[in-house]
Every structure is written in structure tokens, then in C-alpha cells.
Amino acid sequence: LVNKDNEKDLAWMISKIKHYLKEIIYFVIIITIFSNVISLYKSQNLSDAPLHIKSFELLNNKTYILHDNKPILVHFWATWCPTCKLEASNIEFLSKYFEVITIAVNSKDNQTIQAYLDDHDYSFNVVNDNNNILASQFKIIGLPTTFIYDKNKKLVFSDVGYSSTFSLYLKMLWAGMH
């Protein structure tokens, strides 16, 4: 009698776990679809022009020259942006494998941005766009915003809002194939 009750309880528990796992998967799928629709909507007015910039002046006053025949990720962010803080480790990871330029928008002076990078152990390339010159040129409407260009510097992807490491990694691989 005890064994049959334990088996029933176990079967009931497994059934409940399966039910909740399905609910969680559905929730993640719906959130993913919803966030992609929002990103698509927000990115409609972004600049879709090819990347004509050949070099950037970085925080350390060095000039960074873009490589030919390599895809590039151009990422707009700010030190004060909560979503940017969540995404920064993704950008750091990608900068180890791909060409990445980040542009800090309205983030005060170079020392403030460098202190932020040092506090979080980030080493990605940063341009200070405190006067919004690049943000205006790219028609940035929200942060973070990410542009991915293929090896010919044609825009392949643009995202407004959080993007996962996996998503950005796959997009960079795709951009490298064009």
C-alpha cells in the first residue's frame, strides 16, 4: 500500500514538473518573440547606410583603424543605462573574437568612462560620443543599440535593446559569411 502511494505521488510530481517546465518554455518563447518585435520596431528608423567610417579615436587618444574584409559590431551604450550594464559582459566576450567598437553616449568625460570600464574589468574599444555626433549620424533612438556590418561594411543587423551573447555571436558569424 505504501509503495503504490509513493508511486502515485512520484507520478503526480513528475507530471507537475513537466507542466511547469512547459509553461516556462512557453514564457521564454513569448518573451523572446516580444522583445524581437520591439527591437524590430525600434530599429526601423536607424541608419541603414553602409559604414563609411574608416577609423575611430578611442578613449586613450589612439586611432583605431577598421580592418578590411572583416565584419564589425558597432555598439552604442552609456554608463548610466541599466540595460547596457546587463549587456556589457556580452560585448566584452564578443570583443575577444570579433572586431568590436563601442560608442559611449552621454557618459561624461573619458576619465569617467575609463573608471567604469576598470571597475567592471572591461577591455573593449570605446569611443566617447559625449556630444552625440555619432549617435545622431546613426539615428540612435534608444540604448543599447547594436549594428552589425559584413566584411564589405554593409549593414546586416541592427538591434535596439538587450541582445544575448549567443544571438550576437551568431549574427557576427553570419556577417562574416557575406
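In straight Cα distance, which lysines are under 26 Å from Lys4, not counting same-chain residues fewer than 8 positions off? Partners within reach: Lys16, Lys18. Annotation: per residue accessible area for the range 1-150 equals 64 Å², rounded to a whole number [probe 1.4 Å, protein chains only].
From the coordinates of this entry, P(r) over Cα pairs in 10 Å bins from 0, in percent is computed, and it appears in [x] 9, 30, 32, 22, 6, 0; [y] 9, 33, 30, 11, 7, 6, 3, 1; [z] 9, 30, 32, 18, 6, 3, 1, 0 under the label [y]. What the Cβ-Cβ distance of Asp118 and Ile31 gives, at R0 = 41 Å and to the nearest 0.05, is a FRET efficiency of 0.80. Ligands, DNA and RNA left out, the 1.4 Å accessible surface of the chain is 59% carbon and sulfur atoms. Among Tyr26, Tyr162, Tyr97, the largest mean-square fluctuation in a Gaussian network model of the chain, built with springs joining Cα atoms closer than 10 Å, belongs to Tyr26. Taking 20 Å as the limit for the C-alpha separation, the pairs Lys108/Lys153; Lys62/Lys151; Lys70/Lys154; Lys85/Lys154; Lys54/Lys154 exceed it in the case of Lys108/Lys153; Lys62/Lys151; Lys85/Lys154. Here the gap between Thr63 and Asp109, fully extended at 0.36 nm per residue and compared with their Cα-Cα distance, gives a gain of 14.8 nm.
Sparse packing (at most 12 other Cβ atoms within 10 Å of the Cβ) combined with a DSSP loop state is found for the following trypsin sites (Lys or Arg not before Pro) in the range 73-178: Lys96.
The values are calculated or read from the model by the stated rules, or taken from the named source; none is laboratory data. Since the model is a prediction, treat every value here as computed from it, not as a measurement. Every residue, glycine among them, receives a Cβ derived from its backbone with ideal geometry; neighbour counts consider all protein chains shown. Calculation scope for accessible area: heavy atoms of the full protein, side chains included, ligands and nucleic acids excluded. Shrake-Rupley method; radii C 1.70, N 1.55, O 1.52, S 1.80 Å.
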